[in-house]
Amino acid sequence: WGGSGCQAWPVSAANIERLHTRFLSEGRLTLCLTGPHVQLLISGAEPRQLAGLARLLGDVAGGRGVDRRLLLGSGLDYSSLTSLDKRRVRARTQTQLTVSSREAYPSAGDFPPHLVQLSVGPIGLRRFDARLCRLGQLSVLRIHGNQLESLPDAINRLPLTELSLPGNRLQSGGAGPPRQLLGLARL
């Protein structure tokens, strides 16, 4: 151990055993070295910076030379990876969201992009939020106890398997429910 509390290990093609990159998008990377046998876990890093480090380590592991001048001139500083904002990680990886108060409803920006299930209510919604129609993975949508009077046609583009709208003010039109909604597992 050095005086600063840091330890250094040589990294070369000969001693990189494995590089686990499955969770790069969450800011995590594991580097397994053979001599000495060390597993180095990096977590909470900015995914873009970590992906650059993973490419560099992959080049080293593959025996491809790394031009030190290129590395130093890249503008990427691998000595201090930036911490990742936990809210950004949660928004990127969150698949379920329950909103039970007006304050908890996302008012600015978008909903987490990978939502699969969303439950909203009762919070007094009067209009269907058009941002919901951009959730390309949303399969379960429950909006209950609100004041919705209609649904937009764009709802037909969602890959819904369940749509639950009890306690709203929806009017049934003469044409009946949209065609895509008739194929839902639960309506």
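The values are calculated or read from the model by the stated rules, or taken from the named source; none is laboratory data. Because the structure is a prediction, the values reported are computed rather than measured. Because the Cβ atoms are built from the backbone with ideal geometry, glycine has one as well, and the counts that use them run over all protein chains shown.
Looking for something at pLDDT below 90, among the basic types (K, R), under 30 Å from S43 (Cβ atoms) and touching a helix residue (DSSP H, G or I) at 6+ places or on another chain (Cβ under 8 Å) - is there at least one such residue anywhere in the stretch 162-185? Steps first, answer last, please.
First, the residues of the stretch 162-185 that are at pLDDT below 90: 170-185.
Remaining after also requiring among the basic types (K, R): 179.
Right, trim to under 30 Å from S43 (Cβ atoms) and you get none.
Scanning the stretch 162-185, I find no residue that is at pLDDT below 90, among the basic types (K, R), under 30 Å from S43 (Cβ atoms) and touching a helix residue (DSSP H, G or I) at 6+ places or on another chain (Cβ under 8 Å), so the answer is no.
Residues checked against (1) farther than 30 Å from Q94 by Cβ; (2) more than 24 Å from the chain's Cα centre (by Cα); (3) in a strand (DSSP E or B); (4) outside the structural domain of H114 (by TED's automatic domain parsing):
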{"position": "A8", "(1), (2), (3), (4)": "yes, yes, no, yes"}
{"position": "E17", "(1), (2), (3), (4)": "yes, yes, yes, yes"}
{"position": "S25", "(1), (2), (3), (4)": "no, no, no, yes"}
{"position": "T30", "(1), (2), (3), (4)": "no, no, yes, yes"}
{"position": "L41", "(1), (2), (3), (4)": "no, no, yes, yes"}
{"position": "G52", "(1), (2), (3), (4)": "no, no, no, yes"}
{"position": "L57", "(1), (2), (3), (4)": "no, yes, no, yes"}
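Looking only at residues of the stretch 16-32 that are without any contact (Cβ under 8 Å) to a residue 60 or more places away in the chain and in contact with a helix residue (DSSP H, G or I) (Cβ under 7 Å, 6 or more places away or on another chain), we find that the one that is farthest from G63 (Cα to Cα) is L24. I'm checking my understanding of the structure. Among residues of the stretch 93-138 that are aromatic (F, W, Y) and under 30 Å from P47 (Cα atoms), which one is modelled with the lowest pLDDT? That would be F111.
Do any residues in the stretch 135-150 that are in contact (Cβ under 8 Å) with a residue 12 or more places away in the chain and over 15 Å from Q94 (Cβ atoms) have Cβ atoms under 7 Å from those of residues that are among the β-branched types (V, I, T) and part of a loop (DSSP other than H, G, I, E, B), where the two are at least six apart or on different chains, and which pairs are they? Close Cβ pairs satisfying both conditions: N146/I123.
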